[in-house]
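This report refers to the structure that appears directly beneath it.
Throughout, read-outs are computed from the coordinates displayed, never taken from laboratory work. Fair warning: this is a prediction, and the values are worked out from it, not measured in the lab. Methodologically, a virtual Cβ is constructed for each residue, glycine included, from the backbone with ideal geometry; neighbour enumeration extends over all protein chains shown.
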Amino acid sequence: MQNIRLVLMIFFFPVLIACGDDDASLGTGLPGDSDDDGNTTQSRLSKVDSSGNVLDEGAAQWSCVLDNDSGLIWAIKLDDSSIHDKDNLYTWFNDDANTNQGMEGSPGGFNSCVGGIQCDTQSYLQATNAQGLCAATNWRLPTAAELQQMSEEEANPVTQTQFFPHINLDGYWSATLDNVMQRLTLSFSTLQLIPEDSSNLNPAILVHD
């Protein structure tokens, strides 16, 4: 009888140890899951309403998206014929000598945008700041580096469609001037930075700190 008990202990004991080790290391790491300490993991992105309040991920209406890594808030594109309509394309223009790096660009008077604005980046910025979108009045064009940071897989508007439902695949204007005095654009699809003449028509996505 003692020999039987010994055999059973030798057989089952390693199995129990192995099961215990596996349970301690399991975890999907997905947003909303718990880590090894029992803490809920946070998605990189959060929805923000028009008053600047952070919403639950399942919220049906929102106006902006917070990047929890960088702290930057991005204005989403819409499909509603407003100034934020996804189909609006802009020339690059900024007549403020303090911020345009010596190159003011091209006013967009030769084409029309929905929402009653002139189709250049300055007009779009001014209208958005006047609107006080998401309780902010310091909206601006992102730098090329900020666009690149936002193109990372867990934040990229092309893949994160639950946060950015209306994204254009063309290159978005940045505030960055390259060494041949052209503004850099970035496509969230190709992930390429491309210098373009300021008179070209491109989409714009706005950000604030």
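Taking the stretch 39-50 as the range and being touching a Cys at 6+ places or on another chain (Cβ under 9 Å) and assigned to a strand (DSSP E or B) as the test, the residues that pass are 47, 48. When the stretch 51-108 is filtered for residues that are outside any loop (DSSP other than H, G, I, E, B) and of a type in the set (A, V, I, L, M, F, W, C), the ones remaining, listed by number, are 54, 64, 65, 66, 73, 74, 75, 78, 93.
Among the residues making up the stretch 144-168, a single one is surrounded by 15 or more Cβ atoms within 10 Å (Cβ to Cβ) and without any contact (Cβ under 8 Å) to a residue 12 or more places away in the chain: 159. Looking only at residues in the stretch 109-121 that are assigned to a loop (DSSP other than H, G, I, E, B) and either in contact with a Gly (Cβ under 6 Å, 6 or more places away or on another chain) or in contact (Cβ under 8 Å) with a residue 40 or more places away in the chain (or both), the one that is surrounded by the most Cβ atoms within 10 Å (Cβ to Cβ) is 119.
Look at (1) without any contact (Cβ under 8 Å) to a residue 12 or more places away in the chain; (2) crowded, with 16+ Cβ neighbours inside 10 Å; (3) within 19 Å of residue 169 (Cα to Cα) and you find that residue 129 fails only one, number (3).
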